[in-house]
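**Q** Before I ask anything, let me first share the structure, which is written out below as structure tokens.
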Amino acid sequence: MGSTMSFALNPEREREMEDIFSRYPNKQAACIPLLHLCQEQQRWVNDDVIAFVAEKCDVPTAHVKGVVTFYSLFNQAPVGEHEIWVCQTLSCALRGADKLLHHCEKRLGIHHGETTKDGKITLRVAECLAACGQAPMIMVDKTYHENLSLERVDEILDALVGK
Ligand code: FES
């Protein structure tokens with residue numbers, strides 16, 4: 001079938017995709033890991049990515065759309081260059097996660113779920129990221145920052161916004 005999709009993986013991720021397919025019993029089962037791979041490349045999942053994954057995994061686009069809406073880890077709108085996830089689950093909550101979140105919101109001038117005007121940072125809340133012993137914690141892109149104080153958060157934000 002002729003295709004008009006405009007999303008393509010770069011060569012390195014193309015190889016990763018082959019790898020993913022070789023690890024799953026069937027193409028459909030590779031839908032979620034493949035979505036992650038695409039999101040890694042362009043940071044959010046748009047209709048082009050959905051069409052791409054549907055074709056590769058041999059499933060209807062409605063199926064892929066369903067997966068994307070179900071899992072909160074998939075971005076359905078453009079996100080900033082960096083993503084800050086503030087854990088809000090019990091251990092972190094007990095150790096001041098709320099204060100930490102408000103501090104970030106104030107410093108960045110946005111609410112969680114939003115992106116700074118310059119497109120640099122998206123702030124979000126997360127469910128337990130499995131570092132409860134080091135609460136409170138945040139994840140910046142894929143890096144964990146643990147046992148946080150507000151001063152330490154300021155340092156992390158400074159480094160991110162390049163001040
Ligand atoms: S509660 Fe925050 S990492 Fe588990």
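**Q** State whether the residues of segment 140-155 include one that is under 16 Å from LEU73 (Cβ atoms), basic (Lys, Arg) and within 16 Å of the ligand (Cβ to nearest atom).
**A** yes
**Q** Regarding GLY113, is this residue more than 10 Å from the ligand (Cβ to nearest atom) and at positive phi?
**A** Against the criterion (more than 10 Å from the ligand (Cβ to nearest atom) and at positive phi), GLY113 qualifies.
**Q** Given the conditions (1) in a loop (DSSP other than H, G, I, E, B); (2) surrounded by 20 or more Cβ atoms within 10 Å (Cβ to Cβ); (3) in contact with a Ser or Thr (Cβ under 8 Å, 6 or more places away or on another chain); (4) among the β-branched types (Val, Ile, Thr), and given that THR122 satisfies all but one, which numbered condition is not satisfied?
**A** Result: THR122 fails condition (1) only.
**Q** Something else now. Quick check, is ALA135 within 11 Å of the ligand (Cβ to nearest atom), within 20 Å of the chain's Cα centre (by Cα) and of a type outside the set (Val, Ile, Thr)?
**A** So ALA135 does not fit the description; no.
**Q** Considering only residues of segment 125-155 that are in contact with a Leu (Cβ under 8 Å, 6 or more places away or on another chain) and part of a helix (DSSP H, G or I), which is nearest to ARG95 (Cα to Cα)?
**A** Here the residue is CYS132.
**Q** Evaluate the following for VAL67: is it under 24 Å from GLU83 (Cα atoms) and not charged (D, E, K, R)?
**A** Judged against the criteria, VAL67 is a match.
**Q** Regarding GLY109, is this residue surrounded by 14 or more Cβ atoms within 10 Å (Cβ to Cβ) and at pLDDT 95 or above?
**A** For GLY109, the condition - surrounded by 14 or more Cβ atoms within 10 Å (Cβ to Cβ) and at pLDDT 95 or above - is not met.
**Q** Evaluate the following for ASP118: is it assigned by TED's automatic domain parsing to the domain that holds TYR144, free of Cβ contacts under 8 Å to residues at least 24 places away in the same chain and within 16 Å of the ligand (Cβ to nearest atom)?
**A** The answer is no for ASP118.
**Q** Then there is this: Could you please let me know if HIS103 is closer than 23 Å to VAL140 by Cβ and touching a residue at least 24 places away in the same chain (Cβ under 8 Å)?
**A** Yes.
**Q** Now for a different question. When you look at LEU90, is it within 16 Å of the ligand (Cβ to nearest atom) and touching a residue at least 12 places away in the same chain (Cβ under 8 Å), yes or no?
**A** Judged against the criteria, LEU90 is a match.
**Q** For the list (1) modelled with pLDDT under 95; (2) more than 16 Å from the ligand (Cβ to nearest atom), I need the number of the one condition that SER72 fails.
**A** Failing condition for SER72: (2).
**Q** Then there is this: Would you please name the residue that is farthest from GLN42 (Cα to Cα), looking only at residues in segment 138-163 that are modelled with pLDDT under 95 and within 15 Å of the chain's Cα centre (by Cα)?
**A** Here the answer is LYS142.
The values are calculated or read from the model by the stated rules, or taken from the named source; none is laboratory data. Note that the coordinates shown come from a computational prediction; the quantities given were computed from them, not determined experimentally. Backbone-built Cβ (ideal geometry, glycine too); neighbour counts: all protein chains shown.
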